[in-house]
1. Report, in whole Å, the centroid distance computed from the Cα atoms of region 71-137 and region 264-288.
2. As a test of the formula, what do you get for the chain when each DSSP H run with n ≥ 4 contributes -39,500 (n - 2.57) and the sum is divided by the residue count, at 222 nm and rounded to the nearest 500 deg cm²/dmol?
3. Just how large is the dipole of the chain about the Cα centre, in debye to the nearest 20, putting +1 at every Lys and Arg Cβ and -1 at every Asp and Glu Cβ?
4. With N denoting the number of residues in the chain, provide Rg(C-alpha) divided by 2.2 N^0.38 Å, to two decimal places.
5. Enumerate by residue number the GluC sites (Glu not before Pro) in region 58-149 meeting two conditions: DSSP loop (anything except H, G, I, E, B), and at most 14 other Cβ atoms within 10 Å of the site's Cβ.
6. Neighbour counts of other C-beta atoms within 10 Å: give me 225, 171 arranged from fewest to most.
7. For each of 123, 135, count neighbouring Cβ atoms within 10 Å of the residue's Cβ, then give the residues from fewest to most.
8. Provide 15, 2 in ascending order of the number of other Cβ atoms located within 10 Å of each residue's Cβ, fewest first.
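Every number in this text was worked out from the coordinates using simple rules, so none of it is lab data. From a predicted model like this one, the values you see are computed outputs, not experimental measurements. Ideal geometry is used to build each Cβ from the backbone, glycine not excepted, and the neighbour counts take in all protein chains shown.
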Amino acid sequence: MTRALVLGGAGFIGTAACKELMRRGVETIAAGRRDRPYGTFTSYVAFDRDDEAQLKRALESVQPDVVLDLAGDEPMQVEAMIRSFKGDRYVFVSSGIVYPDIDGRPAGEDDFAPLDGQPPAEVDYMAGKRWCETVLSRATDFPWTVVRPPAVFGAADRTLRIAAYIQRVEDGGPVLAGDPRKQANHRAYNVGFEGVSLRALIEGIARAMAKPANLRPVPFEDLPDSASPYGPNPKRPAGYAIDRARSELGFEPSALEDALAETLAWYRVAHPSHPGYSNRQNELALVS
């Protein structure tokens, strides 16, 4: 049986990843910084990955075949993993933010270009992901694979970005959206929905809630703060090409309706409110 160690396994995406790995018959161990009872579907180990001695001890104890890294965003974390992990596959979950400004066309995996030089002492999240991938690109003898999801949503997402759209559809007012004018080793893969624009997402929410999709495109630069958390910057990619993941990994995206069903069930029970919804009157005034 394959054994997987999931770094960030107690988080929003990590919990879903652990459940799916277990469903597929993978022995799954979640990992995080804080000790906690983790539930019944998988085991859990606590250690500080930034302490390389703790990382080595955890890897020696668990002896995973695969490490799924959902929490790495600093190049030193990846460098330590390269030195310490001796298993079959290190899967680094990156992000679509690593792509440069490509003026609204779909991003392909090869649009990412490794950075030059050495990582700085401090990096923000975007630069951190870029440097992590750069470090991996230089590790020619290390069995890495990169996965780049776009913006994600689902039940119990602590960012509440999807709730921002559900709330606006629910209140019946206009929803503002910016108008933008087989070998896995050493490979990066885009994963995500195919052909699901922000408009399609809002229209899908509206259908599921039996509400009108009162969508109002406005210039991106005029969007009020937090009005559209997934709102596309016109300079950033207009979606992500998933041909490589489909042909080499057999990846097929979920149907939007299936993904929304669980999310809307969570919303109807918890009824969370996105912080940006407090500025709703400013949005309504913009299009009145």
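1. For region 71-137 versus region 264-288, the Cα centre distance is 33 Å.
2. Here the helix-only value at 222 nm equals -10500 deg cm²/dmol.
3. With Lys and Arg at +1 and Asp and Glu at -1, about 600 debye.
4. Expressed relative to 2.2 N^0.38 Å, the Cα Rg reads 1.06.
5. Filter output for region 58-149: 122.
6. Fewest-to-most ranking of 225, 171: 225, 171.
7. Values: 123 17, 135 24.
In increasing order of surrounding Cβ atoms, one gets 123, 135.
8. In order of increasing Cβ crowding within 10 Å: 2, 15.
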